[in-house]
Amino acid sequence: MVSEEKERPGLGRGTLLLMSVATGLSVAGNYFAQPLLDVIGRDLHMSAATTALVVTVAQVGYGLGLLLLVPLGDLLNRRRLAVGLSAATALCLTVTASAPNGTALLIGTALTGLFSVAAQVVVPYAASLAPPAERGRTVGTVMTGLLLGILLARTAAGLLADLGGWRTVYWVNAGLMLVMAVLLRLRLPVLHTHSGLRYPALIRSTLALFAQEPVLRWRAALGALSFATFSVLWTAVAFLMSGPSYGWSESAIGLLGLVGAAGSLSASVAGRLADRGLVHRVTGAGGFLLLGSWALLAAGGAGGAWSLAALLAGVIVLDAAVQAVHISNQNLVYAVRPEARNRLNSAYMTSYFVGGAVGSALTSAVWGAAGWGGVCAVGAALSAAVAVVWTAERLRDRGKRAGAQSPAPEAASSADRIASR
């Protein structure tokens, strides 16, 4: 087995910026449809129920990619894997852009989601290239690009759809992803850490990490709950803003992504705090800010200037809080086993996006029955669960340290050593 820590080639600013942009463009294709569902449905003569499947299919494809493709980073040359997945994403976006009917659209969307996990190969790639003392800042920078891709995809979709129709945004993203594939091939250093496992054993070992590493279990739970709250907001906000309280157009709703992008800038700050040893405090602060954000968001449901101000403030606080939890989670998870970083990322991010899918499903069910008030109640409950899980994790760690004799370093698992910091 080759140690990636010993052969780390280094990471310059230009390469870090490229990786950040690449992650954002990779995931953006999974979110373009959200403000355009009504337009797409009318153009392809799809029912409302079938059109809604576009979002679900993207999430399912992405989840499968996280489980089946991301672990390959511990088996294959990472640059080659990142480039190949980026090129495949570009190809699948053209399938979506040229879809003649709903079936083709769903196939293109599912395949785009599957291969867009290039983003989740690039994030641990950056973590592996960064010096340990700068890993938090590095992960935070790359994750800022990823979240900006998620949020600004809605803005780009609305604006480009107004200019040239809903297909335009997919054609543009396909071209940009092809450019990214070329640039990644030219700029990324070679990094290859062979796990010594064949592919089936690699997948089994990914799932086994949940049983072996307590840090992964706790942080996967926190990540799933926090991203569920994110999905609750961004699934429901389009219904609120297009409804009688505000009456906004699709392009105006897409501009909300610019507001959320302000919150995403906290990722770099969260990463720097993690580098200073404050990772657990960052998680706790994020959890309680999540809870507070829903009070602002609930006040934003009535319409009017003051309600809009409360809503926008709530969006910024929620997005910043989700990023704080996520970046602190990744810093702890990536430190567990450097040689298995892609498998750890696969396990963690699969849980993360399962949480997002659950949040979207809950929102769809609650909106029809209880409207914006019910959605805010669900979001607040999920946020409270984040705070509870974080508190339970800290109490467990303190109890272990205060309990019987501390184990010898060679007897303690890597996860326990990290969790006790």
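Residues that are of a type in the set (Lys, Arg), assigned to a helix (DSSP H, G or I) and free of Cβ contacts under 8 Å to residues at least 12 places away in the same chain are absent from region 218-240. Tell me, which residue of region 193-215 that is at pLDDT below 90 and part of a loop (DSSP other than H, G, I, E, B) is surrounded by the most Cβ atoms within 10 Å (Cβ to Cβ)? It comes out as 193.
Contact annotation: residue pairs with Cβ atoms under 7 Å, 6 or more positions apart or on different chains, pairing a residue in region 244-261 that is more than 12 Å from residue 154 (Cβ to Cβ) and in contact (Cβ under 8 Å) with a residue 12 or more places away in the chain with a partner that is part of a loop (DSSP other than H, G, I, E, B) and among the aliphatic types (A, V, I, L, M), are 245/302.
In region 230-262, of all residues being under 18 Å from the mean Cα position of the chain (by Cα) and hydroxyl-bearing (Ser, Thr, Tyr), the one that is farthest from residue 386 (Cα to Cα) corresponds to 235. Listed conditions (1) more than 15 Å from the chain's Cα centre (by Cα); (2) over 24 Å from residue 79 (Cβ atoms); (3) crowded, with 24+ Cβ neighbours inside 10 Å are all met by residue 318, apart from (1). Checking every residue in region 42-55 against the condition of being on the phi < 0 side of the Ramachandran plot, in a helix (DSSP H, G or I), touching a Phe, Trp or Tyr at 6+ places or on another chain (Cβ under 9 Å) and buried (at least 19 other Cβ atoms within 10 Å of the Cβ) gives at least one match. Annotation: residue 257 fulfils all but one of (1) part of a loop (DSSP other than H, G, I, E, B); (2) in contact with a Lys or Arg (Cβ under 6 Å, 6 or more places away or on another chain); the unmet one is (1).
Say whether the condition of being aromatic (Phe, Trp, Tyr) and free of Cβ contacts under 8 Å to residues at least 60 places away in the same chain is met by at least one residue in region 108-124. Write out each step before concluding.
Applying the first criterion (aromatic (Phe, Trp, Tyr)) to region 108-124 yields 115.
Next cut, free of Cβ contacts under 8 Å to residues at least 60 places away in the same chain only: 115.
Taking every residue of region 108-124 in turn, at least one turns out to be aromatic (Phe, Trp, Tyr) and free of Cβ contacts under 8 Å to residues at least 60 places away in the same chain.
Among the residues of this structure, residue 328 does not count as one that is at pLDDT 85 or above, buried (at least 18 other Cβ atoms within 10 Å of the Cβ) and either closer than 26 Å to residue 203 by Cβ or not polar (S, T, N, Q) (or both). Applying the condition of being touching an Asp or Glu at 6+ places or on another chain (Cβ under 9 Å) and surrounded by 23 or more Cβ atoms within 10 Å (Cβ to Cβ) to region 216-229 and asking which residue is nearest to residue 385 (Cα to Cα) yields 222. The condition of being at pLDDT below 85 and among the aromatic types (Phe, Trp, Tyr) holds for only one of 348, 334, 352, that being 334.
The values are calculated or read from the model by the stated rules, or taken from the named source; none is laboratory data. Remember, it's a predicted structure, so these values are computed and weren't measured experimentally. Cβ coordinates were reconstructed from backbone atoms using ideal geometry, including for glycine residues, and neighbour counts include every protein chain displayed.
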